[in-house]
Amino acid sequence: MSAIDAVVFDVGRVLVQWDMRQLFAKLIGDPERLDWFCSTVVTEEWHFQHDAGRDLDEMVAERKAEFPGYDDLIDAYATRFLETIPGNVPGSHEIVRELAARQVPLFAITNFASPFWREFRATEPLFDLFGDIVVSGDEKLAKPDARIFDLAARRFGLEPGAMLFIDDNPANIAAARELGWNVHHFSDAQALRADLTHRGLLG
C-alpha cells in the first residue's frame, strides 16, 4: 500500500451534513409540494452551477422568471443556505482532530459556492486545522473535473500518489483515482477510521 503523506477531505456529506430539504421543509408544509419544489425548482443540479462559479444573482433571477410565484422560496436559497447544513457528519470531525494531533497534513477539495463557503467557513473552526482548501466556486472549477484535482495537487505541493482523497461522490472518486490519487469512497466515519488505521494514519 502506498505511503500517504497527506489526507484530503471533501466537505459536504463527509465532514458536514447537507440537505436542501432541511431548509425548504420549514417553508413548505405540504410533502408533495416540497418534493416537487426540491426536484424541479431548487434542485441539487441547479445548485451545482453556483458551486462551479456561476453568479448567484443571475441564477436566482433566471429561476424566478422560469418559475413565477416562487420568489420568496428561491430567495431563501440565496439568503438562508446555512440552514441546508443541519450538523456534522457523526464521527468525522473526531477523525480530523486525531489526524491533526498525529501531525498528518490535512487539505480539502470542496464543491462549494464562494459566498456560501465564506459564510459557512466563519462558523466552523475545524478548518483551522487544514493547510489549504480548494473551493470550486473560487476556482470556477468543480469536481469531478480533472483540472480541479491538478490544481489542488499543485497548491498542496504533493504528488497525487502521496495523498489520500476522501469523497462521498462516486464520480469524484473515479476521477481522482484515474489521476493517480489514493482514494476512499466515504460511506461513514467508522469505515473511514478502519481504512485510515489500516494505512497506519490512525492508531
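The values are calculated or read from the model by the stated rules, or taken from the named source; none is laboratory data. What you see is a predicted model; the values in this text were computed from it and never measured. Cβ sites come from the backbone with ideal geometry, for glycine too, and all protein chains shown count toward neighbours. Side chains included, ligands, DNA and RNA excluded: accessible areas come from the protein's heavy atoms. Shrake-Rupley method; radii C 1.70, N 1.55, O 1.52, S 1.80 Å.
Specify the angular offset, from 0 to 90 degrees and rounded to the nearest 10, of the alpha carbon long axis of helix 189-198 from the longest principal axis of the alpha carbons in the chain.
With rounding to tens, the tilt is 20 degrees.
Write down the accessible area per residue of the chain in Å², having rolled a 1.4 Å probe over the full set of protein chains.
Accessible surface, normalised per residue, equals 47 Å².
Once you have the Cα-Cα distance between D19 and E124, take 0.36 nm times their residue separation minus that, and quote the gain in nm to one decimal.
36.0 nm
Given a cut-off of under 8 Å on Cα pairs at least six residues apart, what relative contact order in percent is computed for the chain?
The normalised contact order for the chain reaches 30 percent.
In nm, give the distance between the simple-model label positions of S187 and D150, each being 7 Å from the Cα along the Cα-to-Cβ direction.
So the two model labels end up 3.4 nm from each other.
E98 to D75: extension gain in nm, 0.36 nm per residue of separation minus the Cα-Cα distance?
Separation in residues times 0.36 nm, less the Cα-Cα distance, equals 4.4 nm.
Over all alpha-carbon pairs of the range 83-143, lay out the pair-distance distribution in 10 Å bins, whole %, shortest bin first.
19, 51, 28, 2
Rg and Dmax of the range 91-203 over Cα atoms: what are they, in angstrom?
13.7, 38
If I compute log10 I(q)/I(0) by the Debye sum over Cα atoms at q = 0.11, 0.14 Å⁻¹ from the structure I just sent, which labelled value in (1) -0.54, -0.83; (2) -0.63, -1.02; (3) -0.47, -0.79 lines up?
(1)
Mean projection of the alpha-carbon convex hull of the range 138-200 over all orientations, in nm²?
Quarter of the Cα hull surface area: 4.5 nm².
Over all alpha-carbon pairs of the range 12-121, lay out the pair-distance distribution in 10 Å bins, whole %, shortest bin first.
12, 42, 29, 12, 5, 0
Could you work out what % of the accessible surface of the chain is carbon and sulfur, using a 1.4 angstrom probe and leaving DNA, RNA and ligands out of the count?
After summing per-atom areas, the C and S share lands at 49 percent.
Which residues does the label zone of L34 cover in the range 67-96, counting backbone N under 14 Å from a point 7 Å along Cα→Cβ?
Answer for this model: 84.
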